[in-house]
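Chemist: Got a structure for you, written out below as structure tokens; questions coming shortly.
The values are calculated or read from the model by the stated rules, or taken from the named source; none is laboratory data. Please read these numbers as outputs of a predicted model, since none were measured by experiment. Note: ideal-geometry Cβ built from the backbone for every residue, glycine included; neighbour counts use all protein chains shown. To get the accessible areas, we keep the full protein, side chains included, count just its heavy atoms, and leave off ligands, DNA and RNA. Shrake-Rupley method; radii C 1.70, N 1.55, O 1.52, S 1.80 Å.
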Amino acid sequence: MKRNFLLSVFLLGFFTVLASAQVDISPGVARISLIQGDVSTQRGDTGDWAAAALNQPQVGGDRISTGDRSQAELQLDHANILRLGNNAQAKIATVERTQIQVQVGQGLAYYTVFKDSEAEVEIDTPNVAIRPTSKEGVYRIEVNGYETQVIVRTGAADISTPQGSTRVEKGQAATVRGTADEAGYVLGGAPSEDSWDSWNNDRDGVIRNAQSWNHTNRYYVGSEDLDAYGHWVNVPDYGQVWSPTVAVGWAPYRAGRWVWEPYWGWTWVSYEPWGWAPYHYGRWFLYGSSWMWWPGPVDGYGNYRPEWAPAYVSFFGFGGHRGVSVGFGFGSVGWLPIGPGDHFYPWYGRYGSHFNVVNVTDATNITNINRGFDGVAPLHSGNRFSNVRLAASDVRVRKAVSTLPADHFGTGRSAPTAVSRDAFRDGCMMTGNLPIVPNRETLSATNRPASPSSMMRGGQQERFFTKRQPAAAPQSLDKQAAQVQEGIQGDGHVIPVREVTQLDSAGTARPMPSESGIERTVQPARNAQSGRRSMPRSGSGLRTAPSSRIRRPKSTSTRRMTTLAPGSRGATARTASRSGSGSRTTPSSRILSSKSTSARPMTTLAPGSRGATARTAQSYVDSANRQMDKGNYTAAIANYKQALQVDGNSTAAKARLGRARRAMQAENEIIADRR
């Protein structure tokens, strides 16, 4: 007994350490926190150059470069900041919780280490490696070809060359000349401060002395921006929350765009100058008539260590499609900021291969939504500020759901808009990754080319002298995209939204303008007598994502759903091969009707409950019967099959499945004879 108890304790500790290790391996993300003049970035996964944006993320392998009379600031973490003067270039070699390595290839740089830094820092140039050794320090570095000047304003640093190492103390300067193989150094006194030093000192003061640090976790990045753009309010049970100064009707996560980043996937880039900390930490909730940002637990709340995320939102899909395989796809993608009482469902890192959806009615029920993967637990107990739950009943919260056409997601080609009531009601919430494969159009935060003056100069030295091996280069975009594609195909229930495209006139389906948030898909068909194209019957071409439940709406119109059973894709293909474009039915995962009021809501299966099983199967049979009345034999067959999967003893489903197949065969033969 004692042995088993000790074994249990050991395993508990082992898995706790393992879980912590999994969290710690996440790579860090730097932030472009200031831009003056022409600043450009180069991605490590593609080599593409583009104009930089404020709040743009930078990861290992990326480069940043400035032009004439230009400056940039890069916040590497909560305690390490790199600034570049004009005509400077730097590469982020490694950015992690315990290690930071940057490489300055040209120009003037300024590196500040604030107190509480946890990272070992190395700054490389073509001929010297610089390692700050103090808990706080300020270091000025200037690179001109194979000459590097290192000035220590505060703190101390070890510098290393092939000829050896030495310590540079506060008030000293080291000049290193020669190539990486033969460089030597000379120590001397530091020159007097100039305007570049003064500007950097001012910036350090703004960050260090910000009042918002009194209300946020010390590990956050960007809290200093909040002082000038809002104020703090006390909310019972939550303490100090931040209220931004914004226009009426404003919503979080709307003024900005999504970009693709290695490891992190879809990442929010805000156009708002303060838009880093409130969009990558904490939670949002509606308090009174205003959106408030709760920074989450601060120091003293159980040693809470915040985790940076590409965004703290829930994703939704609206307007269903059917693509090359049975599964769900969406005409538009939406997102809603999560509240303190919401679960968070990551779509990045080790969760990137997880795909799942639940319909909106299920999303308001935590028991229904947490099937198989329960995500990250809420930051606050209770569901008073559960935005997912409130969006179904509170129009003010629902208006914070932003949407984009699926093929525009991540491209910056259109601005996000609020979702309509009907679209949200018929939507699905994604509790995993998005079925969107990244491409080069989803990489730039600006969609503007890099300024020639800010790009890396031709022939510039790219060799660096290092003491520490830099982190491995990021995977190429092609490999990242292939992994997403493989994850989608391996799941078997989703299709890439970029495959939901308009086909040519000889194709089978093309998207049409949405109606009440549901995009209609028209199946080209030829009139048997005139040969002209005709439209399918009303309701036969409306598609949305499959769902596990059907709910009864308040209006007299009833939305009914059919789920394609395995093998129904083959039936559809056989129908198309016989009837060509004359088929009047299209495969669909949900069929909408505006006339019938007799739809029976499906119930969630209770384990071991025969009554619940029979009722669920009967609901599929009822839905199939209605499709038979409308002549939608493919959808009817799919529902009868689904009923048999739920309850193999359903005699009604067995008998009517054969009738539906014979009816479809007869219709196909009639169409074939007319051709």
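Chemist: If I filter the range 163-180 down to residues being in contact with a strand residue (DSSP E or B) (Cβ under 9 Å, 6 or more places away or on another chain) and among the hydroxyl-bearing types (Ser, Thr, Tyr), which single residue comes out as modelled with the lowest pLDDT? If you could, list the steps in order and put the result at the bottom.
Modeler: Kept after step one, since they are in contact with a strand residue (DSSP E or B) (Cβ under 9 Å, 6 or more places away or on another chain), are these residues of the range 163-180: 163-178, 180.
Still in the running and among the hydroxyl-bearing types (Ser, Thr, Tyr): 165-166, 175.
Values: SER165: 93, THR166: 96, THR175: 97.
For the range 163-180, the residue satisfying everything is SER165.
This table checks each residue for (1) modelled with pLDDT of 90 or more; (2) more than 19 Å from the chain's Cα centre (by Cα); (3) over 21 Å from GLY319 (Cβ atoms).
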residue: ALA418; (1), (2), (3): yes, no, no
residue: ARG421; (1), (2), (3): no, yes, no
residue: ASN433; (1), (2), (3): yes, no, no
residue: ASN439; (1), (2), (3): yes, no, yes
residue: GLU462; (1), (2), (3): no, yes, yes
residue: THR466; (1), (2), (3): yes, yes, yes
residue: GLY490; (1), (2), (3): no, yes, yes
residue: ASP504; (1), (2), (3): no, yes, yes
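Chemist: If you take the residues of the range 233-290 that are modelled with pLDDT under 95 and hydroxyl-bearing (Ser, Thr, Tyr), which of them is nearest to ALA400 (Cα to Cα)?
Modeler: Checked the range 233-290; the qualifying residue nearest to ALA400 (Cα to Cα) is SER289.
Chemist: Could you say which residue among VAL241, VAL246 is part of a strand (DSSP E or B) and not aromatic (Phe, Trp, Tyr)? Lay out the reasoning, then the answer.
Modeler: Numbers: VAL246 fails: part of a strand (DSSP E or B).
Only one candidate passes the filter, namely VAL241.
Chemist: Need the failing condition index for SER453 against (1) free of Cβ contacts under 8 Å to residues at least 24 places away in the same chain; (2) outside any loop (DSSP other than H, G, I, E, B), just the number.
Modeler: It fails just one condition, (1).
Chemist: Moving to a separate point now. Checking TYR146 against (1) over 17 Å from THR466 (Cα atoms); (2) open to solvent by 70 Å² or more (accessible area, probe 1.4 Å); (3) at pLDDT below 95, which test does it fail?
Modeler: Failing condition for TYR146: (1).
Chemist: Within the range 26-82, can you find the residues that are closer than 18 Å to ARG257 by Cα, charged (D, E, K, R) and either in a strand (DSSP E or B) or free of Cβ contacts under 8 Å to residues at least 12 places away in the same chain (or both)?
Modeler: ARG31
Chemist: Would you please name the residue that is least open to solvent (accessible area, probe 1.4 Å), looking only at residues in the range 181-203 that are touching a strand residue (DSSP E or B) at 6+ places or on another chain (Cβ under 8 Å) and assigned to a loop (DSSP other than H, G, I, E, B)?
Modeler: ALA183
Chemist: Now for a different question. Any residue at all in the range 305-322 that's at pLDDT below 80, open to solvent by 20 Å² or more (accessible area, probe 1.4 Å) and within 25 Å of GLU486 (Cα to Cα)?
Modeler: Yes, the range 305-322 contains a residue that is at pLDDT below 80, open to solvent by 20 Å² or more (accessible area, probe 1.4 Å) and within 25 Å of GLU486 (Cα to Cα).
Chemist: In addition: How many residues are open to solvent by less than 10 Å² (accessible area, probe 1.4 Å) and either more than 20 Å from ASP202 (Cα to Cα) or out of contact with any Lys or Arg (no Cβ under 9 Å at 6 or more places or on another chain) (or both) when one looks only at the range 82-92?
Modeler: Quick first cut of the range 82-92, residues open to solvent by less than 10 Å² (accessible area, probe 1.4 Å) only: 82-85, 88-90, 92.
Right, trim to either more than 20 Å from ASP202 (Cα to Cα) or out of contact with any Lys or Arg (no Cβ under 9 Å at 6 or more places or on another chain) (or both) and you get 82, 84-85, 88-90, 92.
Here the count works out to 7.
Chemist: I would also like to ask the following. Please pick out the residue among VAL376, VAL388 that is of a type in the set (A, V, I, L, M) and modelled with pLDDT of 90 or more. Let's see the steps before the verdict.
Modeler: Numbers: VAL376 fails: modelled with pLDDT of 90 or more.
After applying the criteria, what remains is VAL388.
Chemist: I'd like the full set of residues that are under 19 Å from VAL235 (Cα atoms), aliphatic (A, V, I, L, M) and outside any loop (DSSP other than H, G, I, E, B), limited to the range 375-394. First the steps, then the outcome.
Modeler: Step one: filter the range 375-394 for residues under 19 Å from VAL235 (Cα atoms), giving 378-387, 390.
Those still in the list that are aliphatic (A, V, I, L, M) too: 379, 390.
The answer is LEU390, and nothing else.
Chemist: Continuing with this model, one more query. If a residue must be β-branched (Val, Ile, Thr) and touching a helix residue (DSSP H, G or I) at 6+ places or on another chain (Cβ under 9 Å), how many such residues does the range 423-454 contain?
Modeler: Matching residues across the range 423-454 total 3.
Chemist: Going by what's in this entry, would VAL248 be described as under 20 Å from LEU82 (Cα atoms), out of contact with any strand residue (DSSP E or B) (no Cβ under 6 Å at 6 or more places or on another chain) and surrounded by fewer than 23 Cβ atoms within 10 Å (Cβ to Cβ)?
Modeler: For VAL248, the condition - under 20 Å from LEU82 (Cα atoms), out of contact with any strand residue (DSSP E or B) (no Cβ under 6 Å at 6 or more places or on another chain) and surrounded by fewer than 23 Cβ atoms within 10 Å (Cβ to Cβ) - is not met.
Chemist: Could you grab me the full set of residues in the range 152-180 that are part of a strand (DSSP E or B) and either hydrophobic (A, V, I, L, M, F, W, C) or open to solvent by less than 20 Å² (accessible area, probe 1.4 Å) (or both)?
Modeler: Within the range 152-180, VAL152, ALA156, ALA157, ILE159, SER160, THR161, VAL168, ALA173, ALA174, VAL176 meet the criteria.
Chemist: Among all residue pairs at least 6 apart or on different chains, which show Cβ distances below 9 Å where the first residue, located in the range 333-356, is closer than 24 Å to GLY28 by Cα and the second is of a type in the set (Asp, Glu) and crowded, with 19+ Cβ neighbours inside 10 Å?
Modeler: Pairs that qualify, where the first residue is closer than 24 Å to GLY28 by Cα and the partner is of a type in the set (Asp, Glu) and crowded, with 19+ Cβ neighbours inside 10 Å, are TYR348/GLU261.
Chemist: Name every residue in the range 123-155 that is within 21 Å of SER192 (Cα to Cα) and among the polar types (S, T, N, Q), in order of residue number.
Modeler: Listed by number, the residues that qualify are ASN144, THR148, GLN149, THR154.
Chemist: Could you please let me know if GLY60 is among the small types (Gly, Ala, Ser) and within 19 Å of GLN106 (Cβ to Cβ)? Before the answer, list the steps.
Modeler: Working: among the small types (Gly, Ala, Ser): yes; within 19 Å of GLN106 (Cβ to Cβ): no.
The answer is no for GLY60.
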